[in-house]
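Heads up: the structure comes next, in structure tokens.
Read-outs: derived from the displayed coordinates by stated rules, not from any lab. For clarity, every value in this text was computed on a predicted model and none was experimentally measured. Every residue, glycine as well, gets a Cβ built from its backbone with ideal geometry; the counts of neighbours run over all protein chains shown.
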Amino acid sequence: MKLFKTNMDERERMEMYTVEHYFFWIAFWGLLATILVQNFILGAPFQQSAGEWIVFMVIAVGSCIGYARKGVYDGGISQPGVKSYLLYSVIGSLAFSVLIGASMILRWQAPLHIAFLGGVICFVFLFVLLFATMALLGAYIQNRRKKLEEKFEDDDESNS
Amino acid sequence: MKNLKLKAARAGRDLSQQQLADAVGVTRQTIGMIESGNFNPSLQLCVALCRVLGVTLNDLFWEDETI
């Protein structure tokens with residue numbers, strides 16, 4: 001049962017969703033940017049941005065679960081598979097390890113080779129973590145897609 | 001692409017955009033946007049429009065291929 005009865009028609013609803021879609025992604029990337037700037041550039045303590053981290057993680061994890069349950073992988077850019085898991089894992093871990101390396105130099109005045117080593121270690125750990133997460137998520141999405149296909153399968157096709 | 005067939009069918013029934021909108025449960029703006037080709041209605045809304053105007057989906061929404 002809906003909490004509020006609205007008089008919104010399908011066009012208005014679609015346009016509202018479109019506006020929400022754009023501002024959701026602005027909020028998502030904006031929030032990530034503010035967290036990264038606070039923690040890695042300004043050197044703020046974690047407690048200062050803990051609330052933002054919680055909100056960000058709720059959005060990120062919640063979206064992932066929601067998409068996965070509907071069998072949506074990455075908005076149609078690629079399909080679940082090793083190639084895609086590799087690509088996303090490399091992009092994610094590379095971006096974060098560069099940030100770690102840069103913050104080691106900027107915040108702690110670490111020598112270049114130490115920062116590089118830190119970046120590489122971070123890259124390896126993150127890559128393994130991301131690849132495993134992507135592989136699990138991809139397998140779950142493929143499983144969900146199969147289940148949803150079976151749920152809405154044409155009776156005539158399933159009998160033949 | 002403008003939907004002149006919808007506009008003609010509505011005018012043929014002597015209905016204003018507001019009256020047609022009220023009959024199918026949408027806003028006048030939505031009817032205007034369908035007629036001007038700025039909004040693609042769902043099949044559910046297409047059927048509702050057809051029922052109110054007493055025409056078929058083909059009459060309102062089918063476009064013959066131009067060679």
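Before moving on, here are some points about what is shown:
- Note on A:ARG13/A:LYS151: beta-carbon distance plugged into 1/(1 + (r/R0)^6) with R0 of 22 Å gives a FRET efficiency of 0.35.
- Take every pair of alpha-carbon atoms less than 8 Å apart whose residues are at least six positions apart; their mean separation over the length of chain A yields a relative contact order of 24 percent.
- Each label point was placed 7 Å from the Cα along the Cα-to-Cβ direction; for A:TRP53 and A:PHE24 their separation is 2.5 nm.
- Segment A:87-160-segment B:40-67 distance, computed between alpha-carbon centres (Å): 46 Å
- When you restrict to C-alpha pairs under 8 Å that are six or more residues apart and normalise by the size of chain B, the relative contact order lands at 38 percent.
- Applying both filters, DSSP loop and at most 15 other Cβ atoms within 10 Å, to the GluC sites (Glu not before Pro) of segment B:27-67 gives B:GLU63, B:GLU65.
- The modelled label-to-label distance for the pair A:LYS83/A:LEU99, using points 7 Å beyond Cα in the direction of Cβ, is 2.8 nm.
- If only the Cβ of Lys and Arg carry +1 and only the Cβ of Asp and Glu carry -1, the dipole of the protein assembly as shown around its Cα centre is close to 660 debye.
- Most mobile listed residue (A:THR133, A:THR18, A:THR34) in chain A, GNM with C-alpha springs under 10 Å: A:THR18
- Projected area averaged over orientations for chain A, convex hull of C-alpha atoms, nm²: 14.2 nm²
- The modelled label-to-label distance for the pair A:PHE116/A:VAL61, using points 7 Å beyond Cα in the direction of Cβ, is 3.7 nm.
- 3J(HN,Hα) along segment B:12-27, derived from phi through the Karplus expression 6.51 cos²θ - 1.76 cosθ + 1.60 where θ = phi - 60°, amounts to x, 8, 6, 10, 7, 4, 5, 5, 5, 4, 4, 5, 9, x, 10, 8 Hz, with x in place of Gly and Pro.
- Protection proxy ranking, highest mean first, for peptides B:15-21, A:42-48: B:15-21, A:42-48, where packing is the per-residue count of other beta-carbon atoms within 10 Å, averaged.
- Partner chain coverage, peptide A:10-17 - average Cβ within 10 angstrom: 4
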